[in-house]
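Worksheet: one structure, shown below.
Nothing in this text is a laboratory measurement; each read-out follows from the coordinates by a stated rule. Predicted model, so just to flag it, every value in this text is computed and none were measured. Cβ: placed from backbone, ideal geometry, glycine included. Neighbour counts: every protein chain shown.
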Amino acid sequence: MRPSFFHHLHPPTIPAAQARWRYTLAAGGTAIFLMLILGVTGILEMFYYVPNPQEAALSVQAITYHVPFGGFIRNLHYWAAQLLLIVSAIHLLRVVFTAAYSHPRRFNYLLGLGLFILVILLDFTGYILRWDQGVCWPLVTGTNLLKTIPLIGDFLYRITVGGGEACSTALLRFYTWHIFGLTVVVSILAFWHAFRVRRDGGIALPPPPLRADNTRISRNDLVRREVLAMFLVGIILILLASFLPAPIAPPMPESASIRLSVLQSVDSIRSSVEYPLSTSVDARAPWFFLWVQQMLKWSDPFLWGVLVPLGILATLALIPYIFPKPADSDIGRWFPKSNRLAQVTVAVISLFVVILTLVNR
Amino acid sequence: MRRLLTLSSFLFLLTFLLVWWMNSRALKPVELIPTLTGESEYCLTCHADLPEISASHPVKTFGCVSCHGGERLALDADLAHSTMRGGANPSDLSVVEASCGGTNCHSGSEAENRNHIQRVTTSVQSTYAGAIANIRFTFGAQTDLNAHFGINAVTDDETRTGITSLSTFDPSSEVNPFIKEFGKNCLTCHLNATPREGDVYARQTGCAACHTPLFDSPPIFGENGGSQKGVHTLTTAIPYTQCNACHNRGNYDLRTMTFDERADQPTNRLQGYYQPIAQFTKCEYTLDCVDCHTRSEVMGDGDIHANQKDIQYVQCKTCHGTPTELPLTKTLTDPNDIVFTLAFLNPVIDLKLGDTILITEKGEPLWNIRALSDGTYEMFGKATSQYFTFNPVMGSSCTQTGEDQSSSYCHGCHAVER
Amino acid sequence: MTDLSRRDILKLFRAGFLYLSGALAFGGLLRFLDFDPNPAPKTEFDLGPAADYPLNTRTFLSDPPAVLLHTKKGFSALSLVCTHLGCTVEHNSDGFSCPCHASRFDADGNVTHGPADKSLHSLRMEISKDDRLILHLD
């Protein structure tokens, strides 16, 4: 068939080695697909979501239980987001373990890291938008962590939260960050990241003289593989969204005491009785921040909540620049010898994060 | 590849069909917009078969959420029930203000007869102030019989008894071991407490302790198997069995500081109403407790009282009079009189303007007792609707002096043998 | 009939499945968008005791916009929503006029001038059991 617009987004042919499932795991492409799903389902939710503190949680309930297919769209949005985080992490691991970050792809690796951070922030801001009983403590601790940063801490707090008590005022600003601020930046970086992939010669392979296999596939073939991947991911997403509902909890109470009913009038009460209020809430971070919550139990919040995560980010960012450069012939091979140090470092960091997450369950 | 694509596009289509199919199977929400709140609720989606709770709380007006709390939009049971007040009983005293309160409801002004919550929370049945004060005095923890402690701390800004507040009774901070035992064994029968283990003690807490009957018809002990959690009903036609979940169950032993349950296994009302040691007349077991004991006695009058004897005042002469006095009466001239509301809620008697009913010494209406033109009186049992007529003591061959209203006095002639 | 290869049949099926999926998705999208989360607007208004509206008086209501008349024939109400495009008409000495496109109505609501071509709606009045006036919008 004659190539369409989507075919022409791809080069006429690419080396077959670049398109092997066992090399790329289709992780990067799946990430883009999930981002598209998130955009569409997110916009659909905007037709019904109300971003003010009194109505936010109720509008989420309306979407979940009353809007036709609303629950399904919301579940799709939730699962696409969590899968995106996992797939992005897989993609990062794949890139490091196949030495695909080496020159000329070092800048693109940084763009990818930036995307990863933005995806985490989008997941967090989206989670806050539920505005239910579970989000207050993560919101307060997360935004107070900003305040621990010297010099610019208060400024950062104001631009992310908008000032005031986080649990009363942050919603509108988090909403704007989530649907617009972070989304615009993610879109730009994603386009740039995809552009750089093409400009840098496609998915990482050794330079042509060093390649073992010189077969190529057509753009049509490549598109077929991508479509197949999209079908499979789509089917998994739809099944997840149909059978595993997104979390939902009662709305955040207006005040810490018992919510008074519509008919309440305080000044008519002549006598008062004191009853102990049960306010125990299991304060848990969202799953992707459980490891940070665990570290924060140790000591100084600036150290464990800001410096250590930034340190991990910096280490990852420096891999293409400071660590021993992988040999050209090793690019695209799984677990090559020449970038062992980078592999071990990333493995240790991943293990650290995973173990802390499991410990904090 | 092409076959794989065809297969996966087919599976893709199947998942869309699956989504549509699951959507068609979903619960059809049943909406209710109560006139009092104007906000839609969906409780009836699952609970449409619940009976109306009472004639004065129609669900079309109140809805469910204004009393029970809960998430009005949720169609999933866990979320919908998560913010319900008091579990299945929103009248538990810890949440009653939010569920039943409000100036137009049950925490309004005394003048409008809307201060039920304030009265109940300060009543002796709730504070247990007298028992606590007596035990503490007996065992030396306080040097007077004034009330200082209640089950829960209460305050009264407009006290007529001089008691402005009670602190929370905390048995663990008491020194005397008997008072500690008292705290362990003897606090199960006030309005806040969870009842003792055992079917005969089964009741709800809070307002529902009295107003939500547990059985469809008053049971006799031992016959009606199994305690029920209560039907979805609020009533003022409270049978004696409701009161007997706490009262007439046995006696406290001050020496061992334990509760000795009554040992008999009665099978009818005569045997079951009171403990074997009790002495009572015919009307005291054919009528129900609410036929004599007034709202003020049971629910309190708004003031903190130090002792049950300060609030309980109904006597034989209240209805029967003495050899020299007829019982007090009142002729109904005001169509807005509360007695018409009371009679409407429990329609055992058709009261009309111009009827003359009995009233107590404090002016509380005994609205189910009407004076007849021939000098006798007629009475309708509040819980049983039974019809009685009786004569006043004045003009009869009673040899009572009138001032002596002690229990043994009238019982001396009129006590029932069983 | 030309020979259809296996490849063509597969293509046909693929296209069919994709179009069907698309139709289902589009149908679902339309149903998703076609939902009103707001509670239905009130159609019954309790105007208070009938005694508040003496004989031979006109009372102008703002919610809903209407004029309540108590004449010898009883209670009646005229909607003040212009039948042209919905603005609230203003009253003057000989009837009502609409500030939006200059429609004019007489005191009984009939059109005397202007783009409107239907007279102002009469609204149903009811006296409840305890003597209260109920206005119905239907």
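Structure summary
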item: Förster radius 60 Å - calculated FRET efficiency between A:L244 and B:E158, Cβ distance, rounded to 0.05; result: 0.60
item: FRET E, pair B:L27, C:Y19, Förster distance 41 Å, beta-carbon r, rounded to 0.05; result: 0.85
item: Candidate lysines - alpha carbon under 18 Å from B:K382, same-chain residues fewer than 8 apart omitted; result: B:K282, B:K352
item: Nearest 10 degrees, 0 to 90: helix A:340-359 Cα axis against chain A principal axis; result: 20 degrees
item: Rg/Rh ratio calculated on Cα atoms of the protein assembly as shown (Kirkwood radius); result: 1.10
item: Estimated 222 nm signal from helices in chain B, with DSSP H stretches of n ≥ 4 weighted -39500 (n - 2.57), rounded to 500; result: -7000 deg cm²/dmol
item: Net lengthening on full extension, B:D334/B:T35 (0.36 nm per residue, minus Cα-Cα); result: 104.7 nm
item: Crossing angle, helix C:6-33 versus chain C [Cα axis fit, 0-90 degrees, rounded to tens]; result: 20 degrees
item: Within straight-line cross-link reach of B:K317, aspartates and glutamates at Cα separation under 18 Å, skipping those fewer than 8 residues along the same chain; result: B:E284, B:D288, B:D291, B:E297, B:E325, B:E361, B:E364, B:E378, B:E403, B:D404
item: Exercise: per-residue mean of other protein chain Cβ atoms within 10 Å, B:69-75; result: 6
item: Per-residue mean of C-beta atoms belonging to partner chains within 10 Å, peptide B:20-29; result: 3
item: Chain A - mean residue ellipticity at 222 nm from DSSP helices (-39,500 (n - 2.57) per run, n ≥ 4, rounded to 500); result: -18500 deg cm²/dmol
item: Dipole magnitude of region A:10-257 about its Cα centre (Cβ charges: Lys, Arg +1; Asp, Glu -1), debye to nearest 20; result: 1180 debye
item: Shielding by partners, peptide C:7-19 (average Cβ within 10 angstrom, other chains); result: 4
item: Tilt relative to chain A, helix A:27-46 - C-alpha long axis, 0 to 90 degrees, to 10; result: 30 degrees
item: Where only C-alpha atoms are counted, convex hull volume of region B:116-292 per residue in Å³; result: 139 Å³
item: Furthest towards positive pole of dipole, A:I86, A:P253, A:F155, structure part region A:10-257, Cβ charges; result: A:I86
item: Distance from region A:75-120 to region C:67-138 (C-alpha centre basis), Å; result: 66 Å
item: Among A:L307, A:H178, A:A194 the positive-end extreme of the charge dipole of chain A (Cβ point charges); result: A:A194
item: Point-charge dipole on Cβ atoms (K/R +1, D/E -1) for region B:68-196, about Cα centre, debye to 20; result: 320 debye
item: Label-point separation in nm, A:S187 to B:L4, each point 7 Å along Cα→Cβ; result: 3.3 nm
item: Dipole axis of chain A (+1 Lys, Arg; -1 Asp, Glu on Cβ), positive-most option in A:V359, A:A204, A:G142; result: A:A204
item: Within straight-line cross-link reach of A:K147, lysines at Cα separation under 22 Å, skipping those fewer than 8 residues along the same chain; result: A:K297
item: Cα-centred dipole magnitude for the protein assembly as shown, charges only on beta-carbon of K, R (+1) and D, E (-1), debye, nearest 20; result: 6660 debye
